[in-house]
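Chemist: Before anything else, here's the structure in question.
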Amino acid sequence: MIKSPQDAAAGAFLLAIAGIALWLGADLPVGTVRQLGPGMFPRVLAILVGVVGVMIVIDAFLQSGEGLERWPLRAPLFILGAAIAFGFAVRPLGLIVAAPLVMLVGAFASPETRIREVLIFGGVMTVFCVGLFKYALGLPIPVAPWLIGY
């Protein structure tokens, strides 16, 4: 008998994610321990997530916990919206617009959002992201194509 339905649902969700990851990465060559293939990291990560999921499900049978509650949709919708907004904005508008946009949209996932703090954090993180991805790593991410051409 399940003593903690919330833990059982969380463990089942992790098992589903692990199963999907293993299925989607099945075609990638794993390689060897000396010469890792592109499928090694996703497969190991999926197995680790699956093991954690199994441990949580087992724990749901052993320890009492909270019942399953209605899940609010606000957070997942705004986080997903932030990722979609970034995807649509990064090429035409550049990292200078897309980075603060993703933080602004994602901040609305919480009802406790303070817009001033989000704007300050967004500005700091944008400077950090431009420095890291464009200059330190040299990735071909447009910074501000509408302003400087790339």
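Chemist: Measure nothing but the geometry: give the 0 to 90° angle between the long axis through the Cα atoms of 5-24 and the longest principal axis through the Cα atoms of the chain, rounded to 10°.
Modeler: 60 degrees
Chemist: Now a separate question. Starting from the alpha-carbon convex hull of the chain, give the projected area averaged over all orientations, in nm².
Modeler: 12.9 nm²
Chemist: To continue, here is another question. By accessible area of protein heavy atoms, probe 1.4 Å, what ranking do Arg116, Arg43, Arg74 get, highest first?
Modeler: Arg116, Arg74, Arg43
Chemist: On average, how much accessible surface per residue is there in the chain, in Å², for a 1.4 Å probe, leaving out ligands, DNA and RNA?
Modeler: Per-residue value: 71 Å².
Chemist: Still on this structure, please answer the following. With a 1.4 Å probe and every protein chain left in place, tell me how much accessible area Phe128 has, in Å² to the nearest 10.
Modeler: Using a 1.4 Å probe on the heavy atoms, I get roughly 120 Å².
The values are calculated or read from the model by the stated rules, or taken from the named source; none is laboratory data. Everything numeric here is computed off the predicted structure, so don't read it as measured data. The area values use the complete protein model at the heavy-atom level, side chains included, leaving out ligands, DNA and RNA. Shrake-Rupley method; radii C 1.70, N 1.55, O 1.52, S 1.80 Å.
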